[in-house]
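Structure record follows, encoded as structure tokens.
The values are calculated or read from the model by the stated rules, or taken from the named source; none is laboratory data. Being a predicted model, the structure only gives us computed values, none of them experimental. Cβ: placed from backbone, ideal geometry, glycine included. Neighbour counts: every protein chain shown. In case anyone asks, the SASA skips ligands and DNA or RNA and just uses the protein heavy atoms, side chains included. Shrake-Rupley method; radii C 1.70, N 1.55, O 1.52, S 1.80 Å.
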Amino acid sequence: MLGLSSDLMHVDYHGEPKHSISFPTAAAYLDTGNTYQSTIRDSFTISFWGKIVNGTYGGSFFGTREGLQDGIICMHLTSTDKLRFGLEGYGGDAVIADTDAAVFNALNVWKHITITVTKNPGANTGVLFYVNGSVVASTNLIELAENRHSNYTNEFNFYIGGINDSDTLLTNSLIGNVDEFAIWDVALDAPAVAAVYNSGATFDLTGASGNYDNEGDLVGYWRMNEGSGTTAVDVGGSNDATLTGGAVYSDDNV
């Protein structure tokens with residue numbers, strides 16, 4: 001049998017070398033250059049691959065906030081290895097949801113994480129967590145009414161690997177890696193989420209595959225395969241992101 005080098009093994013379906021973004025310190029993050037305000041005011045989905053590298057639970061995978069009551073969206077890993085998602089519209093009401101169980105369970109393990117957010121007419125916002133393509137149990141600590149959801153007014157850019165606090169990075173940033181980060185302006189259904197996970201084999205989400213046909217709903221998608229430089233190209237939208245504060249490309253990938 002012919003042997004393959006490790007470099008040849010780390011390619012996607014189209015033969016493109018694969019990389020991820022490494023956030024080696026609490027100062028590192030990725031600035032998407034967009035608020036995604038209109039997307040967040042309605043139903044949406046955020047999906048990515050993440051990894052914790054040195055036991056620093058409590059770090060944030062993404063987020064932005066404007067003060068404490070004018071608009072917050074964030075996801076971080078609690079000190080007990082549970083995911084916590086928060087979404088707050090203007091006026092102080094928010095949805096705060098936690099997974100009931102630990103997520104990573106070990107260091108240096110890639111996990112595919114998806115959260116779907118559904119704005120329900122005349123009712124509270126619905127939130128579902130998926131880990132590796134399957135729904136995980138969650139608890140909504142606080143619930144967000146439709147009118148408050150619609151009043152999301154944050155005007156500061158959405159960060160990956162940390163939370164933008166009025167153009168200042170909060171201190172609880174991720175120490176780890178992120179890959180294949182995508183935002184859709186719809187809440188994906190369960191078959192689509194499972195198809196995106198694809199049993200751990202990544203593919204280009206700008207094209208349909210199996211139960212996934214939401215390529216037209218992408219508003220941001222960073223494959224993070226550039227491998228060098230300070231830009232991550234947005235292949236699903238028009239907002240190339242900037243590696244900031246020591247964020248670097250890594251050969252470590254899904």
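Please work out which residue is nearest to Pro191 (Cα to Cα), limiting yourself to segment 215-251 and to residues that are among the β-branched types (Val, Ile, Thr) and open to solvent by 50 Å² or more (accessible area, probe 1.4 Å). Let's see the steps before the verdict.
Restricting attention to segment 215-251, the residues satisfying the condition of being among the β-branched types (Val, Ile, Thr) are 219, 230-231, 233, 235, 242, 244, 248.
After this cut, where a residue has to be open to solvent by 50 Å² or more (accessible area, probe 1.4 Å) as well, the list is 230-231, 233, 235, 242, 248.
Details: Thr230: 35, Thr231: 32, Val233: 27, Val235: 23, Thr242: 32, Val248: 33 Å.
Step by step, filter segment 215-251, then rank; the result is Val235.
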Within segment 116-171, which residues are in a loop (DSSP other than H, G, I, E, B) and touching a Pro at 6+ places or on another chain (Cβ under 9 Å)?
none
When restricted to Tyr197, Tyr212, the only residue crowded, with 19+ Cβ neighbours inside 10 Å, modelled with pLDDT of 95 or more, in contact with a helix residue (DSSP H, G or I) (Cβ under 6 Å, 6 or more places away or on another chain) and of a type in the set (Ser, Thr, Tyr) is Tyr212
Search result, residues across segment 173-187 that are in a loop (DSSP other than H, G, I, E, B) and either of a type in the set (Asp, Glu) or within 15 Å of Gly50 (Cβ to Cβ) (or both)
Leu174, Ile175, Asp185
Checklist (1) surrounded by fewer than 17 Cβ atoms within 10 Å (Cβ to Cβ); (2) more than 30 Å from Gly67 (Cβ to Cβ) applied to Val254, failing item:
(1)
